[in-house]
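Asks: Mind having a look at this structure? Questions to follow.
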Amino acid sequence: MAAFSEPSEQNLYWVEHVNLLRKSFRQLIGRDLADSALSSVEAAKQIYCAPFVVVSHDTAADPIFNYGNRAAQQLFEMSWQELTTLPSRQSAEPPNREERARLLAVVSMQGFIENYAGIRISKSGRRFRIEQVTVWNLNVNGSYLGQAAVYSNWTYL
C-alpha cells in the first residue's frame, strides 16, 4: 500500500511534493508546471487535475513511483495506490527498459532532458508512445530526491 493517500483537498493536494516538482522544474528548465500566480495549494490542485501527465519516482535502487496525477493514473490504467507502489521501470515493457535506464542515467548527469520519446505500457497491457517528454532531477539544497517527468503527447499503439 502507498504510504500516503491520494492527493485531495484534505491533504492539500500533496502541496509539499508538488512544490518540489515545481521548484526543481523551474530551476532546471526555466518554466513552471503551473500558473505562477496561483497559491501553492491551488497550483498543486491544478497539476493533480491537469490534462497532461506528471509523474515522479523516488531514489530507491529500483525506484518506485511516488506521485502520479490523474492523467497519469488514467493513462496507466491504475489507481493512486497501484501507481505509487509500482517500480517505475515496470511502466516500460522488458525490451524497452534498457533504453529507459539509459535515459534516466543521462538525466542524472545532465539534470534534465527534453523531447524524449518512448513506448510505455498500461496495467491492461495497452501500449502507447509518449512524446515530447521532459524528465528532470528533483533536488533540494543539493540533495537528490528522485526524478520526474511531464508530457501531454501520447499515442496508443
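The values are calculated or read from the model by the stated rules, or taken from the named source; none is laboratory data. Note that the structure is predicted; figures quoted are calculated from it, not measured. Here the Cβ is made from the backbone with ideal geometry for all residues, glycine too, and neighbour counts use every protein chain on show.
Asks: Would you mind telling me which numbered condition in (1) at pLDDT 95 or above; (2) in contact with a strand residue (DSSP E or B) (Cβ under 8 Å, 6 or more places away or on another chain) ARG100 fails?
Replies: (1) is the only condition that ARG100 fails.
Asks: Restricting attention to the stretch 92-121, and to residues there that are touching a helix residue (DSSP H, G or I) at 6+ places or on another chain (Cβ under 7 Å) and charged (D, E, K, R), which single residue is surrounded by the fewest Cβ atoms within 10 Å (Cβ to Cβ)?
Replies: Among them, the one singled out is ARG97.
Asks: Does GLU114 meet the test of being under 28 Å from GLU16 (Cβ atoms), among the acidic types (Asp, Glu) and within 15 Å of the chain's Cα centre (by Cα)?
Replies: Yes: the conditions hold for GLU114.
Asks: Still on this structure: Which fully enclosed helices (runs of 4 or more DSSP H) of the stretch 1-91 have 2 or more residues being surrounded by fewer than 16 Cβ atoms within 10 Å (Cβ to Cβ) and modelled with pLDDT under 95?
Replies: none
Asks: Continuing with the same structure: Checking the condition free of Cβ contacts under 8 Å to residues at least 24 places away in the same chain and closer than 28 Å to LEU12 by Cα, which residue from ALA61, ALA43, ALA34 passes?
Replies: The conditions single out ALA34.
Asks: Any idea which of (1) farther than 24 Å from CYS49 by Cβ; (2) in contact with a Lys or Arg (Cβ under 6 Å, 6 or more places away or on another chain) is the one THR155 doesn't satisfy?
Replies: Tallying (1) farther than 24 Å from CYS49 by Cβ; (2) in contact with a Lys or Arg (Cβ under 6 Å, 6 or more places away or on another chain), THR155 fails exactly one: (1).
Asks: Now for a different question. Which residues, counting only those in the stretch 137-149, are closer than 16 Å to ARG89 by Cα and of a type in the set (A, V, I, L, M, F, W, C)?
Replies: Selection gives ALA148, ALA149.
Asks: Testing GLN147 on (1) touching a His at 6+ places or on another chain (Cβ under 9 Å); (2) more than 18 Å from THR59 (Cα to Cα); (3) not small (Gly, Ala, Ser), one condition comes back false. Which one is that?
Replies: (2)
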